[in-house]
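Remarks on the structure that follows.
No lab work stands behind these numbers, since they all come straight from the coordinates. Since the model is a prediction, treat every value here as computed from it, not as a measurement. Neighbour counts run over all protein chains shown; Cβ positions are idealised from the backbone, glycine included.
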There are 2 protein chains.
Amino acid sequence: MFEFEIQAKDGAARVATFQTPHGVLHTPLFAPVGTQATVKALTPQQLKDMGTSLILANTYHLFLRPGDQRIAQLGGLHRFMAWENPILTDSGGFQVFSLSGINRIDEDGVTFKSHVDGSIQRLTPEISIAVQENLGADIIMAFDECAPPHDREYNQQATQRTHAWLERCLTAKTRTDQALFGIVQGGIFEDLRAQSASFIASLDLPGFAIGGLSVGESKTDMLRSIEVVNAILPENKPRYLMGVGTPYDIVQAVGRGIDIFDCVLPTRLARHAAALRLKDRLNLVNANFADDPRPIDEECNCYTCQHFSRAYLRHLILAKEMLAATLLSIHNVYTLIQLTHRIRQSIIQHTYLSLIEEYQTP
Amino acid sequence: MFEFEIQAKDGAARVATFQTPHGVLHTPLFAPVGTQATVKALTPQQLKDMGTSLILANTYHLFLRPGDQRIAQLGGLHRFMAWENPILTDSGGFQVFSLSGINRIDEDGVTFKSHVDGSIQRLTPEISIAVQENLGADIIMAFDECAPPHDREYNQQATQRTHAWLERCLTAKTRTDQALFGIVQGGIFEDLRAQSASFIASLDLPGFAIGGLSVGESKTDMLRSIEVVNAILPENKPRYLMGVGTPYDIVQAVGRGIDIFDCVLPTRLARHAAALRLKDRLNLVNANFADDPRPIDEECNCYTCQHFSRAYLRHLILAKEMLAATLLSIHNVYTLIQLTHRIRQSIIQHTYLSLIEEYQTP
């Protein structure tokens, strides 16, 4: 279980397989986000049809509603949401800091106010692991603290806490059929990133994640942080860049040794009438598209592009029809999954540098 | 084209085929409603997978937005909404009276205020036919006036106007690949219904519709009106009962010789957390379902019942996830389509009376 096997390399970019209880993952891969046990506006069948291999679900949301114990009693998250392929759950750490009301952080954990009903709730490394064991994802994440990227002192503290919490997560963990990934923090500070990577790498973990990026820092800072960290993380384990997902970011990060991505971008854009393309975006509200018979992308093979015109999609958006979000989500998620296929192909063919060349506009 | 062939009969109930330019329809059938060129929350693929043969689209809505000329330029309604099977469009008459703002009715037509942008618009029999020819549905409807069911004087006038408008529709019609159905009106008044049916039946039309029912009258009045009308309409042509769609109503109306049904009920209930079953409904917001691992209906083979629990559906509803409307719409539409399969089967087997027995609760 959780074997990671590199099949091809081109520079730092690699193509690999990662074994999980619910199937083999082929990396580099992009995972759409199913925050509340559903990738918004899409059925599991649609996700499968567009080639989705891994989806992410949010521990914070499911802990609050419908409750992890309820999901466990109903057979676990895979069965609950009818997703037979691998699932990754985050630890709840990021959402506790970004979504919940007043929170109190201490060495033991975090007390916060639920955004659902205002109740006071608590997450600690032990509770996060217990919740994630109830959910039963294939890949689970250590409970971490994500600090604002430019605050050096806060990042120093948060990194130490993240390390101590990781050790407690390892102690708390009881299931052997879940891969616990540690998370490297440290903001934009190279020395903190290096220290954090060294500590996390010193533990015998089935995989590693880089957190605290794509949260306001510059692209240069983001990419340099990835380089610093990946120079230290062991090569023979999967590397997951959390919350990152523009085509440019994915291509650049794979070139620096990242294997797994997740992001709400494709589904969030879809709900705001924006169609993701590999090198630009279309805002389908635009009156230019009112009579446009072309699909979003003439080279795209997704269900949406194979059947519907920009004019039709614009009509659905103006008419406030739910189908707009579904059709745009299909296209946007498919676009990122197709990109990872293309990435794997070009690594195998040792042409990854020219692929990077194609994506010079962030 | 438009041949209607009766294959089996059991009492007044019949199983038949109706040829259209986009394929053969097997009746009795239920058509879900795609008001704005989309059956709400469902893709054409999902509709096809659940066995949908015919869908209805609303002339009033498409005339106002995105405009019938635009749809014509984009290749017609089938192509616009990517529905390859038959489509029926109504005439706009019903919506002009029920949805639009202040309207002025005269012998020539109706002037009304658009619910989309407040603009003043006009529909006449000639405009309705021109719009429906631009949309290009397989079955189109005559422009009619639907009066409140208990107002005798109004129904008398409305019936006369509906008859005069039907003759103008026939004159205005230019396409030969669309079947124009006339509509019988007359409220709950047997003599008016009989007069209207006699007039409509006297014209050589490929099919007939009964309008102005299921709009506030009693079940007894509705069913008696159907009997009066169907005793007069020719047997060898399809009969369409407009806007009717509970399981009870469908079973009773088929028993009185109706072939085609449409209704927003299954998709509207779905958006309000209600699951349609053949003999009752579940309100999935109910706390009883919070931990219920069963599907909506243990005997249902729809995608939703094959994959998801009541507990999961309730969670989606409380979390305000769009997937709730999609999964409930799949189940609700599938339930009515399966009912029509069962109806066809029992007519062929001459057991329709016992099927009617099963549906005694309206």
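Here are the numbers for this structure:
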| item | result |
| --- | --- |
| GluC sites (Glu not before Pro) within region B:290-362, DSSP loop, no more than 14 other Cβ atoms inside 10 Å | B:298, B:299 |
| Sorted by Cβ neighbour density within 10 Å, fewest at the top, the residues B:291, B:280, A:297 | B:280, B:291, A:297 |
| Considering only chain B, percent of DSSP beta bridges that pair antiparallel, nearest 5 | 50 |
| Share, in percent, of DSSP beta bridges within the protein assembly as shown that are antiparallel, nearest 5 | 50 |
| Loop-located trypsin sites (Lys or Arg not before Pro) in region A:253-362 whose Cβ has at most 14 other Cβ within 10 Å (DSSP) | A:279, A:320 |
| Within region A:298-313, backbone nitrogen closer than 15 Å to the virtual label 7 Å beyond the Cα of residue A:341 toward Cβ | A:298-306 |
| Antiparallel bridges, percent of DSSP beta bridges restricted to region B:15-147 (to nearest 5) | 65 |
| Simple spin-label estimate for residue B:320 and residue A:235 in nanometres, 7 Å along Cα-Cβ | 5.0 |
| Cα radius of gyration and Dmax for region A:4-264 (Å) | 17.1, 50 |
| Net length gained if the chain between residue B:99 and residue B:116 were fully extended (0.36 nm per residue, minus Cα distance) | 5.1 nm |
| Cut-off 12 Å between beta-carbons: net charge of the residues surrounding residue B:18, Lys and Arg +1, Asp and Glu -1 | -1 |
| Relative counts (whole %) of C-alpha pair distances in the protein assembly as shown, using bins that are 10 Å wide | 3, 14, 21, 21, 16, 11, 9, 5, 1, 0 |
| Relative contact order (percent, whole number), chain B, Cα cutoff 8 Å, 6+ residue spacing | 17 |
| Efficiency of FRET from Cβ geometry, residue A:290 and residue A:227, R₀ 60 Å, rounded to 0.05 | 0.85 |
| 3J(HN,Hα) from dihedral phi, region A:82-89, Karplus parametrisation 6.51/-1.76/1.60, rounded to Hz, x for glycine, proline | 6, 10, 7, 8, x, 10, 10, 10 |
| Residue closest to axis [chain B; rotation mapping onto A; Cβ; Å] | B:322, 3 |
| Taking A:329, A:98 and counting other C-beta atoms within 10 Å, the order from fewest to most | A:98, A:329 |
| Long pairs among B:48/B:320; A:48/A:237; A:320/B:173; A:113/B:320, criterion Cα-Cα beyond 22 Å | B:48/B:320; A:48/A:237; A:320/B:173 |
| At 7 Å out from Cα toward Cβ: residue A:291 inter-copy label distances (nm, ascending) | 6.2 |
| Given charges at Cβ of Lys, Arg, Asp, Glu: chain B dipole, positive-most of B:327, B:250, B:123 | B:327 |
| Across the identical copies, how the residue A:202 labels are spaced - nm, sorted shortest first, 7 Å along Cα→Cβ | 9.9 |
| Neighbour-count order for A:202, A:100, fewest beta carbons within 10 angstrom listed first | A:202, A:100 |
| Simple spin-label estimate for residue A:351 and residue B:164 in nanometres, 7 Å along Cα-Cβ | 7.2 |
| Dipole in debye (nearest 20) - chain B, about Cα centre, beta carbon charges: Lys, Arg +1; Asp, Glu -1 | 760 |
| For chain A, built as a Gaussian network whose Cα springs stay under 10 Å, the top-fluctuating residue of A:106, A:144, A:191 | A:106 |
| Region A:1-34-region B:163-230 distance, computed between alpha-carbon centres (Å) | 64 |
| Choice from A:149, A:66, A:44 with maximal GNM fluctuation in chain A (Cα, 10 Å cutoff) | A:66 |
| Peptide-level mean, for A:310-317, of C-beta atoms on other protein chains within 10 Å | 4 |
| All aspartates and glutamates inside 17 Å of residue A:279 as judged from Cα atoms, apart from same-chain residues fewer than 8 positions distant | A:249, A:297, A:298, A:299, A:357, A:358 |
| Anchor residue B:9: aspartates and glutamates whose Cα lies under 17 Å away (excluding residues fewer than 8 positions away in-chain) | B:227, B:235, B:259 |
| Copy-to-copy label separations for residue A:150, where each label sits 7 Å from Cα toward Cβ, in nm and ascending | 7.1 |
| Spatial separation of Cα centroids for region B:79-115 and region B:299-324, in angstrom | 34 |
| Amide H within-cut-off set for residue B:8, under 5 Å, with H built and near neighbours excluded | B:15 |
| Karplus-derived HN-Hα couplings along region A:256-273 (A = 6.51, B = -1.76, C = 1.60, θ = phi - 60°), whole Hz, x at Gly and Pro | 10, x, 8, 10, 10, 10, 9, 6, 7, 3, x, 7, 5, 4, 4, 6, 10, 6 |
| Where trypsin sites (Lys or Arg not before Pro) fall in DSSP loop in region A:125-177, at most 14 other Cβ within 10 Å | A:175 |
| Shape call, region A:125-254: gyration tensor on alpha carbons, a/c limit 1.5 | prolate |
| Furthest towards positive pole of dipole, B:4, B:343, B:200, structure part chain B, Cβ charges | B:343 |
| Pairwise label distance in nanometres, residue A:202 with residue A:8, each label 7 Å out on the Cα-Cβ vector | 3.8 |
| 20 Å Cα-Cα reach of residue B:40 towards aspartates and glutamates, excluding residues that sit fewer than 8 places from it in its own chain | A:321, B:49, B:68, B:84, B:90, B:262, B:321 |
